[in-house]
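Structure first, commentary second.
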Amino acid sequence: NTFVDELKLVLRRQVRLTMREFAFIRARLMQATIMGIIVGTVFLHIDLDFSRQNPTPAIQRYGVVFIVLMQMMLTGMAGVPIVLDNRGVFYKQNDAYFLRSITYVIAETVVLLPVSLVETIIMTSIVFWTAEVIPYDAPDAAQTFLTFVVIVFILNVSYGAFMRFFGVIARSAAIGQVLSGISIAFCILFGGFIITSNNIPAWFIWIYWLVPFSWAFRSAILTVFTSEGWDDEQQEVALSLFNIQRSVNGSDRPNLLIWL
């Protein structure tokens with residue numbers, strides 16, 4: 001078969017395998033819904049009035065962004081056992097030249113994209129608007145929300161692939177979960193929320209610039225606090241709290257190409 005024909009066959013096969021695990025997909029979507037409701041109601045309608053003397057509402061918005069990103073990142077751990085279950089079949093078929101490795105990887109990634117997208121939209125839609133991450137009447141509210149969704153979606157997909165990598169190299173599900181847990185712990189610790197970038201020791205700062213979570217966190221924070229719903233003073237106060245710098249291209253809003 002040609003590459004395209006083989007890719008179509010593997011895609012069709014992967015769709016059928018994924019639909020067999022529909023209970024798992026439904027569980028992921030329910031998890032996103034429940035967590036979105038919990039986080040959204042805990043931070044229901046955060047106060048819009050913050051200043052240098054009262055930065056609490058801005059800090060709460062940092063917490064909301066952190067929780068949403070962390071939740072989307074943790075969903076990738078659920079894919080480790082599935083990869084381990086399918087690994088033996090893949091090795092057998094690959095050794096028998098039934099399919100190319102690249103077509104299998106592409107098919108698996110493409111099939112999971114709709115699930116990740118729906119999961120992201122559910123979580124972000126509930127939390128973003130119930131917590132009032134930005135003012136409802138902000139002129140750029142729709143643009144800010146869509147940019148926020150894209151950032152969370154890319155983090156979801158990238159960490160899902162990263163976690164599946166541990167499923168490939170691990171000998172068992174237990175080892176895979178341990179490896180993925182350690183990597184997530186590093187991402188959360190050096191993501192810029194628990195320890196701000198200016199407080200990370202010099203010999204560890206390379207981790208801050210390496211982990212994707214810190215890039216997603218900075219992009220999401222810049223997206224939220226450079227919204228036109230905040231005045232210039234509020235923007236400066238909010239970004240200075242966690243040592244977040246404006247985008248390197250010199251504009252107020254983060255350039256998608258920069259954080260990608």
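The values are calculated or read from the model by the stated rules, or taken from the named source; none is laboratory data. This one's a predicted model, so the numbers in the text were calculated from it and none came from an experiment. Backbone-built Cβ (ideal geometry, glycine too); neighbour counts: all protein chains shown. Remember, those area values only see protein heavy atoms, side chains included, never the ligands or the DNA or RNA. Shrake-Rupley method; radii C 1.70, N 1.55, O 1.52, S 1.80 Å.
Report the residue count in the stretch 194-237 for those that are touching a residue at least 60 places away in the same chain (Cβ under 8 Å) and touching a Ser or Thr at 6+ places or on another chain (Cβ under 9 Å).
Keep residues of the stretch 194-237 that are touching a residue at least 60 places away in the same chain (Cβ under 8 Å), which gives 213, 216-217, 219-221, 223-225, 227-230, 233-234, 237.
Narrowing the set further to residues that are touching a Ser or Thr at 6+ places or on another chain (Cβ under 9 Å) leaves 216, 219-220, 223-224, 227-229, 233-234, 237.
Going through the stretch 194-237 one residue at a time, the tally reaches 11.
Apart from one condition, residue 62 fits all of (1) of a type in the set (Ser, Thr, Tyr); (2) open to solvent by less than 70 Å² (accessible area, probe 1.4 Å); (3) farther than 30 Å from residue 131 by Cα; the exception is (3).
Please go through the stretch 162-185 and pick out each residue that is open to solvent by 50 Å² or more (accessible area, probe 1.4 Å) and under 15 Å from the mean Cα position of the chain (by Cα). Steps first, answer last, please.
As a first pass, look at the stretch 162-185 and keep what is open to solvent by 50 Å² or more (accessible area, probe 1.4 Å): 162, 165, 168-169, 171, 174-175, 177-179, 182, 185.
Once the filter is applied, which keeps residues that are open to solvent by 50 Å² or more (accessible area, probe 1.4 Å) and under 15 Å from the mean Cα position of the chain (by Cα), the stretch 162-185 yields 162, 185.
For the criterion of being surrounded by 18 or more Cβ atoms within 10 Å (Cβ to Cβ), within 20 Å of residue 16 (Cβ to Cβ) and of a type in the set (Asp, Glu), residue 108 passes.
The rows are residues; the columns are (1) open to solvent by 20 Å² or more (accessible area, probe 1.4 Å); (2) over 30 Å from residue 196 (Cα atoms); (3) touching a residue at least 12 places away in the same chain (Cβ under 8 Å); (4) of a type outside the set (Lys, Arg).
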position: 44; (1), (2), (3), (4): yes, no, yes, yes
position: 50; (1), (2), (3), (4): no, no, yes, yes
position: 57; (1), (2), (3), (4): no, no, no, yes
position: 70; (1), (2), (3), (4): yes, no, yes, yes
position: 78; (1), (2), (3), (4): yes, no, yes, yes
position: 82; (1), (2), (3), (4): yes, yes, yes, yes
position: 101; (1), (2), (3), (4): yes, yes, no, yes
position: 114; (1), (2), (3), (4): yes, yes, no, yes
position: 121; (1), (2), (3), (4): yes, no, yes, yes
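Scanning the stretch 120-173 for residues that are out of contact with any Gly (no Cβ under 9 Å at 6 or more places or on another chain), at pLDDT below 90 and hydroxyl-bearing (Ser, Thr, Tyr) yields a single hit, 172. If we keep just the residues of the stretch 1-19 that are in contact (Cβ under 8 Å) with a residue 24 or more places away in the chain and β-branched (Val, Ile, Thr), which is most open to solvent (accessible area, probe 1.4 Å)? Checked the stretch 1-19; the qualifying residue most open to solvent (accessible area, probe 1.4 Å) is 15.
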